[in-house]
Amino acid sequence: MASNIKRPNGTEDVLPKDIHKWYTVEKIARETAESFGFGEIRVPTFENTDLFLRSVGETTDVVQKEMYTVMAKETKFTLRPEGTAGTIRAMLQNGLLNEALPQRVFYITSCFRHERPQAGRLREFHQFGVEMAGSQSPCADAEVISLAKTILDRLGLKNIELYINSIGCPTCRAKYHEALRAFFDARKDELCDTCLGRLEKNPMRILDCKSPICSEIAKDAPVILDYLCDECRDHFEKLQKYLTKLGIEFKINPKIVRGLDYYTKTVFEFVTTEIGAQGTVCGGGRYDGLIEELGGQHTPALGFGMGIERLLIVMDKQECDYLTPKKCDIYFATMGDDALEKAMSLAKELRDYGYRAEYDVVGRGLKAQMKYANKIGAAFTVVLGDNEIAEGSAKLKEMESGKETPVRLDDKFTANFDSLYIDRMLDSLDDSATVKLFEEAAAAQAHEHGCSCGCCKEEE
Ligand code: ATP
Ligand code: MG
């Protein structure tokens, strides 16, 4: 017998029972980004390989070891290892940078890196990311960091530290590279092969090497902050001033260089120590040279990427609140064809109203249908048989309490169910939760006004 095919190593399935967690992160990230003026962008999953060579950088781990590249006909394509390159390519190709600056975009997207899979390190993972193009002011850096911080706060995360650093511009970096070369050259026999190659081309990359020996040596390496030019130093100082003004706590960590080559000046990471080695939940920075490198006009820009799987690991651990998982609101157990047809039409009405309604589509007996209703956690059930159809009424059973309420099976069924449903919900809440619920309901109604639901029809 053929063996079952399993998912590839380093990938994950998200099941319906967990999807509310993803919805929570996506909703909060999306709404927060929109409140900062960012609009969503969606770009292809794969791009020309050259795009990543030119942006991420040929001496980075991502390019040297981690890309999924395929040769299709004559062209090399790569599954995106990160979100920035494709986003900037799209902004250039669609002329967004000729419009009002700064341009602010965000994305929620999968990324692919051939890394050694472990907790918080996957081969397909998901990022929420933002890019802001067209401002060289440190105020934009503070704005982008503030957006990341607001999202983390709204997700309810605690004990996350913000580390910032400046890795300077090409001018100050040239001097720094010389100092690094001299430092590592003295210990070059101990470096790993990859870093040996980096020594000439891009010695700063050695600081980001994950090998224990290289990282031990790197601990004593010269720090970039001592080599910043006046402009970069001023930028970094102003950023600190703005962050302080915004009430955002931070620590300077001169060791942060980030794993992608395109960064200039500000780099930052939000890190937690609560989930082991893979504690960086968000990383980002400024990349003033990238747009020009990709064929555009010189346009200073910056952004960040948040690893959604890592966020969820921390949220689970810290028992953060998620949106309520969706469960069946009402289940119709039916006997006979007339009852089934009645259930079909009532379920349609309830669904149009926004309820999650189900009835038997398998042809099971009554007992098995009730067992199924229990398994899916239906809040209410209604048994429909010949008697109920003949009398035009049935009993609506609230499953938790077992309480039964007679209901007419007429065109008021949905409205009656609605009021029972709301009563039940209010009974289960304390005062502050009730207020929150009303606010959410009012917002949802304002949003959906004009839809085909019963309440909008009545208002017309
Ligand atoms: P790390 O140092 O952990 O490898 P990185 O510097 O490679 O991270 P970025 O390229 O800046 O990370 O990506 C931004 C965020 O995406 C990271 O902070 C992390 O939360 C997440 N991330 C990166 N690589 C992975 C991965 N392989 N699996 C899961 N999440 C990841
Ligand atoms: Mg990495």
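No lab work stands behind these numbers, since they all come straight from the coordinates. Predicted model, so just to flag it, every value in this text is computed and none were measured. Cβ atoms come from the backbone with ideal geometry, glycine included; neighbour counts cover every protein chain shown.
Observations on the structure shown:
- Dividing the alpha-carbon radius of gyration of the chain by the rule-of-thumb value 2.2 N^0.38 Å gives 1.24.
- Projected label distance in nm at A415 and E12, using a 7 Å step from Cα toward the beta-carbon: 4.6 nm
- Size of charge dipole - segment 362-430 - debye, nearest 20, with Cβ of Lys, Arg +1 and Asp, Glu -1, no other charges: 440 debye
- Centre-to-centre, using Cα atoms only, segment 305-324 and segment 362-397 are separated by 37 Å.
- Kirkwood Rh and Cα Rg combined as Rg/Rh, segment 330-443: 0.99
- Part-to-part distance (alpha-carbon centres) for segment 1-70 and segment 157-229, which is given in Å: 28 Å
- Taking trypsin sites (Lys or Arg not before Pro) across segment 309-347, the ones in a DSSP loop with at most 10 further Cβ atoms lying within 10 angstrom of their Cβ are K327.
- 24 Å Cα cut-off, lysine pairs counted over segment 330-443 (separation 8 or more, or different chains): 27
- Efficiency of FRET from Cβ geometry, E391 and Q278, R₀ 56 Å, rounded to 0.05: 0.35
- Globularity ratio of segment 304-349, using Cα Rg and 2.2 N^0.38 Å: 2.15
- Dipole of the chain [Lys/Arg +1, Asp/Glu -1 at C-beta], most positive-end residue of I313, M204, I19: M204
- Helix 308-317 vs. the chain, principal-axis angle (Cα, 0 to 90°, nearest 10): 70 degrees
- For the set K27/K149; K255/K317; K188/K210, the pairs lying more than 19 angstrom apart at their alpha carbons are K255/K317.
- Gain on full stretching of the segment that runs from K201 to A100 - 0.36 nm per residue minus C-alpha separation: 32.6 nm
- Relative to the longest principal axis of the Cα atoms of the chain, the long axis of helix 84-93 lies at roughly 90 degrees.
- Looking at segment 97-200, the GluC sites (Glu not before Pro) that sit in a DSSP loop and have at most 12 other Cβ atoms within 10 Å of their own Cβ are E99.
- For K238, a cut-off of 15 angstrom between C-alpha atoms picks up these aspartates and glutamates, skipping any fewer than 8 places away in its own chain: D141, E143, D230, E249.
- For segment 241-371, pairs of C-alpha atoms spaced more than 22 angstrom apart make up 64 percent of the total.
- Of the chymotrypsin sites (Phe, Trp or Tyr not before Pro) in segment 39-71, those whose Cβ has at most 15 other Cβ within 10 Å and which sit in DSSP loop: Y68
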